[in-house]
1. So if we plug the beta-carbon distance of residue 243 and residue 158 into 1/(1 + (r/R0)^6) with R0 = 22 Å, what FRET efficiency do we get, rounded to 0.05?
2. To make sure I understand, if each residue's beta carbon is the centre and we count other beta carbons within 10 Å, what order do 43, 156 fall in, fewest to most?
3. Order of 153, 96, 110 from fewest to most other C-beta atoms within 10 Å?
4. Which value in Å does the Kirkwood hydrodynamic radius of region 216-255 take, with 1/r averaged over all unlike C-alpha pairs and then inverted?
5. Counting other C-beta atoms within 10 Å, which of 90, 78 has the fewest, and how do the rest follow?
6. If r is the Cβ-Cβ distance from residue 88 to residue 236 and R0 is 35 Å, what FRET efficiency results, to the nearest 0.05?
């Protein structure tokens with residue numbers, strides 16, 4: 001089983017440049033493609049009696065992953081801030097889920113950007129038995145440093161329990177995030193849209209990483225083609241990992 005996890009800190013990112021920062025070089029963007037066998041592989045999966053927790057699953061990549069998993073028989077719990085959007089997604093999942101799987105779907109209203117709120121809400125997810133299933137956390141570009149380091153930290157602490165943590169950089173995927181950019185950036189960025197991948201197509205990538213035996217070893221930083229990204233001195237420094245863990249535990253009120 002594989003779960004993804006992330007934590008945030010404000011004091012561990014000095015002089016850090018994520019190894020997979022956004023690059024607008026059009027030559028590189030043209031390589032933003034995935035292995036063509038992934039959809040076929042995933043279509044053969046039977047994920048009945050599996051569960052998934054998706055943070056940020058009401059739109060974009062998270063929503064696409066939820067729909068793909070639901071079609072494969074997975075029960076899904078979505079955490080987010082917008083109840084109306086959450087209800088709409090749950091209705092869609094119920095439509096695409098095969099009735100015979102008897103999958104369950106639920107939306108949990110929670111602001112996961114507030115670590116203090118996570119503690120009060122996390123017990124709700126226990127009923128989905130995530131210990132034996134999957135968790136997918138959506139992240140924006142500014143959280144890259146935290147997610148990279150958290151992947152290393154959680155791996156060092158929980159890999160022995162049979163839980164794998166990976167961080168996947170999605171590359172250029174067409175989502176509503178572009179609409180939230182300032183006007184002076186929105187129009188230039190539209191030039192890259194033709195090179196971008198639809199969320200529905202990208203969804204096969206994390207699902208493959210969560211189910212394929214080749215990703216059972218925890219702690220990998222992967223790009224949009226599931227290739228390993230070179231780690232950095234910052235990420236390999238155990239002291240930075242300890243600082244992030246201490247900060248996260250304190251902010252979540254678990255100290």
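Bear in mind that the values in this text are calculations on the coordinates, not laboratory data. Worth saying up front: this structure is predicted, and the values here are computed from it rather than measured. Don't worry about glycine lacking a Cβ; one is built from the backbone with ideal geometry, like all the others, and counts go over all protein chains shown.
1. On the way: r = 18 Å, r/R0 = 0.83.
Efficiency, rounded to the nearest 0.05: 0.75.
2. Going from least to most buried by this count: 43, 156.
3. Numbers: 153 23, 96 13, 110 18.
Least to most surrounded, the residues fall as 96, 110, 153.
4. 12.2 Å
5. Values: 90 20, 78 23.
With the sparsest Cβ surroundings first, the list reads 90, 78.
6. On the way: r = 43 Å, r/R0 = 1.22.
Given R0 = 35 Å and the Cβ-Cβ separation, E is 0.25.
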